[in-house]
1. Can you pull out every residue in region 355-404 that is in a loop (DSSP other than H, G, I, E, B) and of a type in the set (Asp, Glu)?
2. What number goes with the only condition from (1) closer than 18 Å to residue 555 by Cα; (2) in contact with a His (Cβ under 9 Å, 6 or more places away or on another chain); (3) not β-branched (Val, Ile, Thr) that residue 476 does not pass?
3. Out of the residues in region 405-414 that are assigned to a loop (DSSP other than H, G, I, E, B) and either out of contact with any Pro (no Cβ under 9 Å at 6 or more places or on another chain) or within 17 Å of residue 37 (Cβ to Cβ) (or both), which is modelled with the highest pLDDT?
4. Identify all residues within region 763-793 that are β-branched (Val, Ile, Thr) and modelled with pLDDT under 75; write none if there are none.
5. Would you pick out the residues in region 603-633 that are at pLDDT 90 or above and either open to solvent by 70 Å² or more (accessible area, probe 1.4 Å) or in a helix (DSSP H, G or I) (or both)?
6. Show me the strands (runs of 3 or more DSSP E) found entirely inside region 60-111 where at least 1 residues are aliphatic (A, V, I, L, M) and closer than 19 Å to residue 139 by Cα.
7. Among the listed residues 756, 796, 760, identify the single one that is at pLDDT below 90, within 35 Å of the chain's Cα centre (by Cα) and within 30 Å of residue 380 (Cα to Cα).
8. What tally of residues in region 393-406 results from selecting those that are open to solvent by 10 Å² or more (accessible area, probe 1.4 Å) and in contact with a Phe, Trp or Tyr (Cβ under 7 Å, 6 or more places away or on another chain)?
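The values are calculated or read from the model by the stated rules, or taken from the named source; none is laboratory data. Bear in mind the structure is a predicted one, so any value in this text is a computation, not a measurement. Glycine gets a Cβ as well: all are built from the backbone with ideal geometry, and neighbour counts include every protein chain shown. What goes into the accessible areas is simple: the full protein's heavy atoms, side chains included, and nothing from ligands, DNA or RNA. Shrake-Rupley method; radii C 1.70, N 1.55, O 1.52, S 1.80 Å.
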Amino acid sequence: MNNKSIRTPLIGKVISGILVSLMVISCNQPPAQIVNPKIDKLKLPPGFKAEHLYSPEEHDQGSWVAMTFDHKGRMLTSDQYGAIYRIELPAVGDTTKVKVEKLIIGSEADRSADSTTLKIGMGFAQGLLYAFNSLYVMVNHNSDKNFDKNTGLYRLQDTDGDDQFDKITLLKSFEGEPGEHGPHSIVLSPDKKSIYISAGNHVDVPKFDTYRLPPVWQEDNLFPQIKDPRGHANNRKAPGGWIAHIDSLGEKWELVGAGFRNEFDIAFNNAGDLFTYDSDMEWDFGMPWYRPTRICHVTSGSEFGWRTGNGKWSPTYPDNLPAVINIGQGSPTNFMNGGTAKFPAKYRNALFAFDWSFGIIYAIHLTPVGASYTADAEEFLSGSPLPLTDGGIGPDGAMYFLTGGRRLESDLYRITATENVDVTPLAATTINEANQLRRTLEQYHEPKKGAVDIVWPNLKHEDRFVRYAARIAVEHQPVAEWQERALKETDPIILTQAMLALARQGKPAVKNKMIAALVKIDFDKLSPAQKIDLVRAFEVLVFRLGKPDADAQKQLIAYLDARFPSSSNELDRVLAKVLVHVAAPGSTEKTLALLQTAKDDAQEKTVSASSDLIMRNPQYGLDIARMLSNVPPAQQTYLATVLSEATEGWTPELHETYFKWFANAFTYNGGVSYVGFIDKARKKALTHTPKEKTDYYDTLSGAALLTESGNDIADRPQPQGPGRRRTQEEAVALVEMLSKRNFEQGKNMYEATLCSSCHSMRGEGGAVGPDLTKVGSRFSAKDILIHTLDPNKEVSDQYAATVFTMKDGSSIVGRLINEENGKYFVSQNPFMPQSLREVPKADVVSTKLSKVSLMLPGLLGRLNDEEIKDIVAYLVAGGNPEHEVYK
């Protein structure tokens, strides 16, 4: 769950009938089985069984987002906005109901002054861990009248043996902005002697006792900074999200790694290596700095390069580490090891990654390669909608998982294997030579005598993770011990890495010597990756230590200019921004010429193809669909942004060409921040034009298109709330008499919930669901509301998706349009109806028409009573302000 807005599509699909048909059963036929839609929507591999165990929202217990198991095998969970619950689960095959107990944590002293009931003693947790006879709770909330605990890590203990937690200890409070990018998960170390925690990029890095990653982080990017036009994370600085290692008492804190966007959870593999599942910034979709959700190997001192706005580092840069595997668009939540599951062997060696947005659990199968890993991802479980929040392997060896979050309908499930169950002890994992070398070098991620001599040769190791570990080890040693050695180094690979370390740790006084050393490297003899490493070293040097003196700058320009442009898009990006930043003669003209002819590289492969996600969740998928219908040119966008701060070398002809590019750029589709980023780059560039020509270039660059095309970046209206969960009876009572309603508020709520993304009304809107213009003439306000509250009540075949289960275990979701010549023709993008995916029938195991609406239930929970009345009135009126509901 990241910063994605809750959206309301598909109002009950086509409300083609309210009455349920009665099935007539012949005396000779067995009774039809009752289909549970909560189970029916799930796709599992053969040999697995799913059970729906409990729905907390049916008992006013909120939306559950965290779980752990205690020493007695009971589950502990937390409502995202409320209390902690303890659950006794029936054994597999036992029909006994789930027993749920709301924990009253604390003492009578916690009793509210104006109430006879206890305030919530502990809750609002996005991470739970039972260990060391304690419950560790990651509170993600600022205190209020009902909950007086601030964001932080707490330890709960039962000191009197009554099986209730009576002692609360704050281990560390966190500063920043609590919420879905706040502090998250808590996991036990492999040796069960300590704890690891994760925190997203809205949590300030606290003061640590020790740092595996040297605390010298900066933005380190000469790319003209443009922060998110919609304001997200604009005040968040390096190093972004972070992972820490602590003792059980919370007395010793060590920073392990950083540079994440919002790594919700962390997990160790069976070899004891740490991994996380980091989030994307979906608003950046289509931009050259967009990074998909990804699995990262979190080594000692690791940095993964998140920076706010457009400042994210390329994964090719040597001062950060690449992903093990890129998953694609989504919202990462739970991430866990399957080692203790009573599953087939391959799943016991897998990590499981949960995606909230698109309802997929991936089984991540790691393969050791050098000091790190590569991976394959298998779609283990999926459903639509299925907002996955947390999961765990229970003491019984079953997989348990939760859905919900953001006050959405919440459910608890259990997955068990019915075939090929493996319960043999897992074999000890063999650590290969490169992995062991990396671990040895990581022992020097603190000052140690003799460390420089030991690690120095490994700065040129063929394995990137080994080189990285060696450089971090060098940086941990006093600079005086290795500065001269670095400046005198003759090996080009070691020199590049050493200069990168010195740029991060050294003083400005040595920058000219550093340039003199680097320009001696024979550039043409370097591999493509080594060339990027070298130019990146120049970039960090200039960013941190400042522009060099005149003679050194001439050396720098002469060296890099001769290599620009190159035959590599990635290398051209870093060359362009360094040369433009130092005002190299001719750099503006050369970059603009390159922009005009630039072609994008093939799209980076991800596990989930963007087109395959659209129909799994149109609330988010429609943004993907729009972009795929007219994809922005990434390389041109990058170079145009570089030129936005170019001050030298402009001519009227160059300006004319450059600003015309912006007008064309506004015609492309990207994430919701795309237009804003382009406009901010345009406005930056306008500040460098002659004053008498600024208005002309403003018009030429498409200023009028921003409003004429509807591509303005103003935020949509948002509900005032506060929202709450209502029974159907309570909700229906609100709309029994609709008169004198507020048209503007109804329209705003229709927009705020993004109904128009999927539905059309009065000729405007999406095409995934039915036109709603005349829905009020066919159905009552009550019927409209009921089908909005329960979108699965009636799902029309006309708008239902088909799930194709493939032989490789994956699935394809879309609307089946035609079948012929041994192929299915499937529509996945409503903005490209002419584009049909051809699916060979020979590759398909089965097809199933989904009985579950693509619309998420519970979406009206964000609205207050008056807002619900107004949005229903707006639907009844079909968007007509003259309708009788407004009289």
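1. Initial filter on region 355-404 (in a loop (DSSP other than H, G, I, E, B)): 356-359, 370-371, 383-387, 394-398, 404.
Once the filter is applied, which keeps residues that are in a loop (DSSP other than H, G, I, E, B) and of a type in the set (Asp, Glu), region 355-404 yields only 396.
2. Just one mismatch for residue 476, condition (1).
3. The first filter runs over region 405-414 and keeps only residues assigned to a loop (DSSP other than H, G, I, E, B), leaving 405-410.
Of the ones still in play, those that are also either out of contact with any Pro (no Cβ under 9 Å at 6 or more places or on another chain) or within 17 Å of residue 37 (Cβ to Cβ) (or both) are 407-410.
Values: 407: 86, 408: 87, 409: 88, 410: 95.
Result: 410.
4. The answer is 768, and nothing else.
5. The answer is 631, and nothing else.
6. Details: elements: 64-69, 75-79, 84-88, 99-102.
Passing ranges, in order: 64-69, 75-79, 84-88.
7. Values: 756 fails: within 30 Å of residue 380 (Cα to Cα); 760 fails: within 30 Å of residue 380 (Cα to Cα).
Exactly one of 756, 796, 760 is at pLDDT below 90, within 35 Å of the chain's Cα centre (by Cα) and within 30 Å of residue 380 (Cα to Cα), namely 796.
8. To start, the set of residues in region 393-406 that are open to solvent by 10 Å² or more (accessible area, probe 1.4 Å) comprises 393, 395-396, 406.
So of that shortlist, the ones also in contact with a Phe, Trp or Tyr (Cβ under 7 Å, 6 or more places away or on another chain) come out as 395.
So the answer is 1.
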